[in-house]
Structures are given as C-alpha cells and as structure tokens.
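The structure under discussion appears below in the form of structure tokens.
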Amino acid sequence: MALANNGHSRMDATADQGALVLPLRVTRFAEGFYVTRAENAYREMLGGRVVSIDGQPIDQVLHQLDTLRGGVEDFRRANDATYIVVQDLLYGLGIATDPKASTWTVVLADGRTVTRRLDAYSMHEGDGIPKGGRWLSPEPNKGAEQAWSAYHPQSAELPETWQDVDNPFRLFPATNSCAQVVSLQSIGDVGSHRIAPFLAATEATLRANPPCAVILDLRGDGGGDYTNTWHFTHVLPNLLAPGGRIVVLTNAETFSAAITTAAFAKDAGGDRVTIVGEPVGDRLSFFSEGNKACLPNLKVCVYPQTAKHDYQHPCDNWRECFWLNWFYPVRVKSLQPDIVVPLRFEDWNMGRDAAYETARELAMHPGRKM
C-alpha cells in the first residue's frame, strides 16, 4: 500500500483486537514528537520530547516509520504519531528488539532525561488510536486513554480552538475579534453529530449577522463526503460583511474531503481567501474512492483506491477520474499556505495557537502584512 505513494492507499495500523500497543500517546510538533498522554505508571514522561527508542535516534526511527504510508512527506510524518506507539510495528521494523516492550528516552522541558522500559498491552476491540492532534487538548478522551494522565500546558487556559475538542462541528466568535470561527473536524456525520443541520444553522446565523471574517478551521479534519460542504463554501463569501475575508486554517491532517473543502472555499472566494498554517496532507492530484479487503482472522484491512481526483488540471478520462467531480467541480492553482505558521511545542505549552492568532489578526486588519 505504501509503495503506491498515494495517501489514501493504506493498511490498518493495528488488528481489530489483540494488537500490542504502548502505554503512551504522542503529538507531533515542529520541534519533534512529545509525550502528551501516558498511563499513570509512566506519567513522569509527560511533556518529554522523544529522542530515542531502543537506542535508535528518533530521526532514524521516523525514517523507518515513514515507509509505512504513501503520500506527501508531512502527511506520512503526521501518521508516524500513531505508528510510533504500535509495538508490533516497532518490532516488525527492527526498531524494537523485544516483541512485547521497548525502551524510550525523552528529554523534559527542564532538561532532565528520562529513560523507561514500556511494556505493551493488547488492544481491545473498538479501542482505536486517536490521531496525534487529539492530544492538543488535555480534556479526557472517551477511549481507552480516559483514565490516563494528560500533559497540561503551562498556561492555565487553552485557546478556544482546542476546547470542546470532541465536538466535531463548532461555531463560535473569535476572542477579541469581529470574526466567527467555523471548526470542522469531519466532512461527514460523527456519531449523533450531523454536519448538514450544523452547516444550515451556521449559514443562517452568519446571514443574520454578517461577520468581518470567517475563520474556517480544517486542521485535523480527515475528510468524509465533500458534497456536504459544497453549498456552504460557495455561499460563504456572500455571508460576510462588505470587505470581509475568509481565513482557512490547514495542516498535514487536513485530508481527503477536507482538502476538497479548502479548495471549494478558495475557488469560491478568490482573493478574499487566505490560507494559514501548514500544508494540507496530500497533493492536488490523488486517487481515492476505492475498495476494502480484510484478512478474515486477524481483521487487518487494506484499502486500494481507484478513482482519480485532480483539483489543478482537467480530469476527463471516464475510466480513471471520479465521476462525481463532474457535478462538484473545483479548480485551484495551489493550496499552499499564504502564511506558514508551524505548530510549535513552545507556543502550545504557553497556551498559544499561533496559526489561529494570525487568522484573528488578519480578520481585524485585512490589509496588514504578516
């Protein structure tokens, strides 16, 4: 799957149950991978930057983990935040020497070095491993990590963008700003949360009180069904006050239909749209809409992809191109950030969402150069 070099072509990181995983969770920052969740027995490692696993330097470990997924470099590196805690993968790649444990070394913020042997545990059916971005909030998780310890940033308050983190659809006013924030963590329904009613209500709210700007936060949004956002993104420029702008926040976990949604917004809004943050998680030409094949006993699945999307160039080969794109066309030159703002541990630890702060500044002072 990884050799296809297509981000959507993939294999499950773990079996349905019984996979051996480590009692830590990590988050990727510009400075490296940091421990942001841990079973209570390993809480002394919280906030530590990972420097080695079983004596192998972290750069060497990540280089090996990168081979497990295709696509662009930043997307593969973002997926490493999941792969790195799967003991079966560490052992299979020859990083760990023991199939049931590995030894990690981290460096804490005060400079102290902590080295611990981590004993893996067997996942239960339905556990899953949330994406690394979930741990930007210390709010309790509903999954297996609920009883674990969380690393709390030094700041007493989290930015509003990292609050209510398990709510996939949010509309709220930006602090000290005339802008409204539309946060989408999915482009499809999530449990009891329905995206269509949310977007309809959001449209009505914005139409009744047009804001000076809308900050469309698509960071961490792994996609879904882009037909859900076609109408909203195309009507959005008409929901703003005169001279209003749209700021789209993206990162390497902005993927699939979330990329399409960002492209919709930019295509519809033109020069009124500014992209802030980190590059999206795929090229503008990729294959998706494929099949699923699972091993009957281990319950590990692979996902080959067969339909081509191309958001830069015409795609008119009916045998290859995804047919639905004919009814929801989009064409953009690029989705590279106009203003690159990396996620830094130093900022996060001080309670700052630097990309969001940049977006708020743009909303209040649209002519200012950042």
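Numbers below:
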quantity	calculated
For Gly290: the one exception among (1) under 23 Å from Gly223 (Cα atoms); (2) surrounded by fewer than 13 Cβ atoms within 10 Å (Cβ to Cβ); (3) touching a residue at least 12 places away in the same chain (Cβ under 8 Å)	(2)
Residues located in the stretch 155-180, provided they are without any contact (Cβ under 8 Å) to a residue 60 or more places away in the chain and more than 17 Å from Glu139 (Cβ to Cβ)	Leu171, Pro173, Gln180
Enumeration of residues in the stretch 337-370 that are more than 13 Å from Val276 (Cβ to Cβ), out of contact with any Ser or Thr (no Cβ under 6 Å at 6 or more places or on another chain) and part of a helix (DSSP H, G or I)	Phe345, Glu346, Asp347, Trp348, Asn349
Asp54 being at positive phi and either acidic (Asp, Glu) or in contact with a Leu (Cβ under 6 Å, 6 or more places away or on another chain) (or both)	yes
Filter pass, Asp225 being crowded, with 23+ Cβ neighbours inside 10 Å, of a type in the set (D, E, K, R) and in contact (Cβ under 8 Å) with a residue 12 or more places away in the chain	no
Scan of the stretch 258-274 for residues that are buried (at least 24 other Cβ atoms within 10 Å of the Cβ) and either among the aliphatic types (A, V, I, L, M) or touching a Lys or Arg at 6+ places or on another chain (Cβ under 6 Å) (or both), ordered by number	Ala258, Ile259, Ala262, Ala265
Failed item in (1) over 16 Å from the mean Cα position of the chain (by Cα); (2) surrounded by fewer than 19 Cβ atoms within 10 Å (Cβ to Cβ); (3) not assigned by TED's automatic domain parsing to the domain that holds Asn228, with Arg77 passing the rest	(1)
Considering residues of the stretch 155-173 that are in a helix (DSSP H, G or I) and of a type outside the set (Asp, Glu) only, the residue nearest to Glu361 (Cα to Cα)	Thr161
Hits in the stretch 127-154 (condition: surrounded by 19 or more Cβ atoms within 10 Å (Cβ to Cβ), among the small types (Gly, Ala, Ser) and assigned to a loop (DSSP other than H, G, I, E, B))	Ser137
Some residue of the stretch 103-121 being in contact with a strand residue (DSSP E or B) (Cβ under 6 Å, 6 or more places away or on another chain), part of a helix (DSSP H, G or I) and not β-branched (Val, Ile, Thr)	no
Output for the stretch 307-327, where each listed residue is at pLDDT 95 or above, assigned to a loop (DSSP other than H, G, I, E, B) and either under 20 Å from Val248 (Cα atoms) or of a type in the set (S, T, N, Q) (or both)	Tyr311, Gln312
Count of the stretch 95-121 residues which are among the β-branched types (Val, Ile, Thr) and under 25 Å from Thr67 (Cα atoms)	5
Conditions (1) in contact with a Gly (Cβ under 6 Å, 6 or more places away or on another chain); (2) outside any loop (DSSP other than H, G, I, E, B); number of the one not met by Asn238	(1)
Condition met for Gly243 (on the phi > 0 side of the Ramachandran plot and modelled with pLDDT under 95)	yes
Checking Ser334 against (1) more than 18 Å from Ala268 (Cβ to Cβ); (2) part of a loop (DSSP other than H, G, I, E, B), the condition it does not meet	(1)
Search result, residues across the stretch 174-219 that are more than 20 Å from the chain's Cα centre (by Cα), assigned to a loop (DSSP other than H, G, I, E, B), small (Gly, Ala, Ser) and at pLDDT 95 or above	Ala174, Ser192
Within the stretch 85-111, tally of residues that are over 15 Å from Val35 (Cβ atoms) and aliphatic (A, V, I, L, M)	7
Residues within the stretch 267-283 that are more than 17 Å from the chain's Cα centre (by Cα) and either touching a residue at least 40 places away in the same chain (Cβ under 8 Å) or in a loop (DSSP other than H, G, I, E, B) (or both), tallied	2
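The values are calculated or read from the model by the stated rules, or taken from the named source; none is laboratory data. Note that the structure is predicted; figures quoted are calculated from it, not measured. Methodologically, a virtual Cβ is constructed for each residue, glycine included, from the backbone with ideal geometry; neighbour enumeration extends over all protein chains shown.
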